[in-house]
Amino acid sequence: MSKILVIGAGGQLGTELTKALADKYGKSSVIATDFQASVSSKFVYCAFQTLNVMDKDSLTSIVKNEGVTQIYHLAAILSALGEKNPVQAWDLNMGGLLNVLEVARDHKIEKVFWPSSIAVFGPNSDKDQTPQKAFKDPNTVYGISKLAGEHWCEYYFNKFGVDVRSLRYPGLIGYKSLPGGGTTDYAVDIYHKAVNGQKFTCFLSKDTYLPMMYMDDAIHATLQLMEAPKESIKIRTSYNLAGMSFSPAEIHQSLQAHYPDFEIEYQPDFRQQIADSWPNSIDDSIAKEDWQWQPQFDLKAMTATIVKHLPAFFNYNQDK
Ligand code: NAD
């Protein structure tokens, strides 16, 4: 039986991915961990333990004591927060990953999942339909750490046979969990403002196109990648992954179809420069070919789903 350890389970992705793992593999097969004990109340459906991934001894103890066979390592400091705390971001994003890879090698973990990001691309990467092997010159500490991390993953696979798999997620958008300091966070916040009857102030300019993905697609891709036969995983750095691509003006328009009076104003801040260095859209044809990835949600379908479920989820009053 698989025993799955999720590290950084309390965040935007972990909250939904951990639930999906418990649904798929059984609640006794999943251990959620996070260094914030306060997130434990989210995990009514599986075990929870406090774990700081920088503490390799504690990580080793959990792996040994619980008989862990798979690790999903999600803990990181994201792009916008990373620019405010560059050294801390580097320490966590690199140190945490190296602890996980070392423990995976030493304790013969069957599979490891570690997310990368479109932040590995930079101002001189191809902007449109950015290919898997595009030139990469990331200019945020987050992007630099993700690019280095991809190569560490490939190194541990080639050198030690650690079966580590990775996806370059675009901006993730869901309604069940809040984002944790990325440049694409606006595309989550905007739904909360629209549903709550408030005006939205956008920190990116109206025509800034970025690659995005509905959370259900991201979960689906992750489970599909991790279930794929080992020999079909041909990219051992990280796979390009695409869902949709849109600008703030377009997501505003898609929300106006449901809330005609919904207003937006634009006040770009330091995150504009980060967004400008990233691709407009991503070519994920290799993921489609290698393990038959196919997204389900476009902007219209995502907006319809979120406006249907968000009010009840956060107890918003739609008549406000
Ligand atoms: P998040 O910031 O919402 O969550 C990160 C979680 O890690 C938090 O619960 C935090 O408490 C925990 N954490 C922080 N430091 C820790 C430590 N030392 N030990 C243990 N836990 C710690 O991030 P997220 O959006 O859920 O992202 C998860 C992963 O996916 C990250 O690796 C991120 O780079 C990647 N990713 C996310 C997006 C996105 O749009 N959310 C896009 C691309 C890649």
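Coordinate-derived values only; no laboratory data. Every value quoted in this text rests on a predicted model; they were computed, and no experiment measured them. Here the Cβ positions follow ideal geometry from the backbone for every residue, glycine too, while neighbour counts run over all protein chains shown.
Taken over the range 7-30, the criterion of being over 16 Å from Trp114 (Cα atoms) and either among the acidic types (Asp, Glu) or crowded, with 23+ Cβ neighbours inside 10 Å (or both) is satisfied by Asp23, Val30. Within the range 79-120, if we keep just the residues that are of a type in the set (Gly, Ala, Ser) and within 21 Å of Ile62 (Cβ to Cβ), the residue that is farthest from the ligand (Cβ to nearest atom) turns out to be Ala104. Among the residues of the range 43-83, the one identified as touching a Leu at 6+ places or on another chain (Cβ under 8 Å) and free of Cβ contacts under 8 Å to residues at least 12 places away in the same chain is Ser58.
Within this structure, Met212 passes the test of being part of a strand (DSSP E or B), surrounded by 14 or more Cβ atoms within 10 Å (Cβ to Cβ) and either free of Cβ contacts under 8 Å to residues at least 40 places away in the same chain or of a type outside the set (D, E, K, R) (or both). Search the range 44-65 for residues being part of a helix (DSSP H, G or I) and of a type in the set (Gly, Ala, Ser), and hand back the single one that is farthest from the ligand (Cβ to nearest atom). Per the criteria, the residue is Ser61.
The residues on offer are Ser166, Ser145, and the sole one that is of a type in the set (S, T, N, Q), within 16 Å of the ligand (Cβ to nearest atom) and within 22 Å of Gln224 (Cα to Cα) is Ser166. Scanning the range 66-83 for residues that are touching a Gly at 6+ places or on another chain (Cβ under 8 Å) and assigned to a loop (DSSP other than H, G, I, E, B) gives Leu74, Ala75, Ala76, Ile77, Leu78. In a residue-by-residue description of the range 194-207, the property of being farther than 27 Å from Gln292 by Cβ, within 16 Å of the ligand (Cβ to nearest atom) and either out of contact with any His (no Cβ under 9 Å at 6 or more places or on another chain) or of a type outside the set (S, T, N, Q) (or both) applies to at least one position. Among the residues of the range 237-250, those that are of a type outside the set (S, T, N, Q), assigned to a strand (DSSP E or B) and closer than 30 Å to Val164 by Cβ comprise Tyr239, Met244. Let me confirm something: among Ile282, Ile286, Ile274, which residue is in contact with a Phe, Trp or Tyr (Cβ under 8 Å, 6 or more places away or on another chain) and of a type in the set (Val, Ile, Thr)? Result of the check over Ile282, Ile286, Ile274: Ile286. Selection of helices (runs of 4 or more DSSP H) fully inside the range 251-320 by the criterion of at least 2 residues being under 21 Å from the mean Cα position of the chain (by Cα) and on the phi > 0 side of the Ramachandran plot returns nothing. Note on the range 112-168: residues that are surrounded by fewer than 19 Cβ atoms within 10 Å (Cβ to Cβ), among the polar types (S, T, N, Q), in contact (Cβ under 8 Å) with a residue 60 or more places away in the chain and part of a loop (DSSP other than H, G, I, E, B) total 4.
Number of residues in the range 186-209 that are free of Cβ contacts under 8 Å to residues at least 12 places away in the same chain and crowded, with 21+ Cβ neighbours inside 10 Å equals 0. Just a yes or no: is a residue in the range 174-186 away from the ligand (no atom under 13 Å from the Cβ) and closer than 25 Å to Thr15 by Cα? Checked against the condition, which is being away from the ligand (no atom under 13 Å from the Cβ) and closer than 25 Å to Thr15 by Cα, the range 174-186 yields at least one hit. Of the residues making up the range 1-39, those that are in a helix (DSSP H, G or I), more than 11 Å from the ligand (Cβ to nearest atom) and among the hydroxyl-bearing types (Ser, Thr, Tyr) number 3.
Residue-by-condition table, conditions (1) out of contact with any helix residue (DSSP H, G or I) (no Cβ under 9 Å at 6 or more places or on another chain); (2) acidic (Asp, Glu); (3) under 30 Å from Ala257 (Cβ atoms):
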{"residue": "Asp163", "(1), (2), (3)": "no, yes, no"}
{"residue": "Gly180", "(1), (2), (3)": "no, no, yes"}
{"residue": "Asp185", "(1), (2), (3)": "no, yes, yes"}
{"residue": "Lys206", "(1), (2), (3)": "no, no, yes"}
{"residue": "Met215", "(1), (2), (3)": "no, no, yes"}
{"residue": "Ala228", "(1), (2), (3)": "no, no, no"}
{"residue": "Phe246", "(1), (2), (3)": "no, no, yes"}
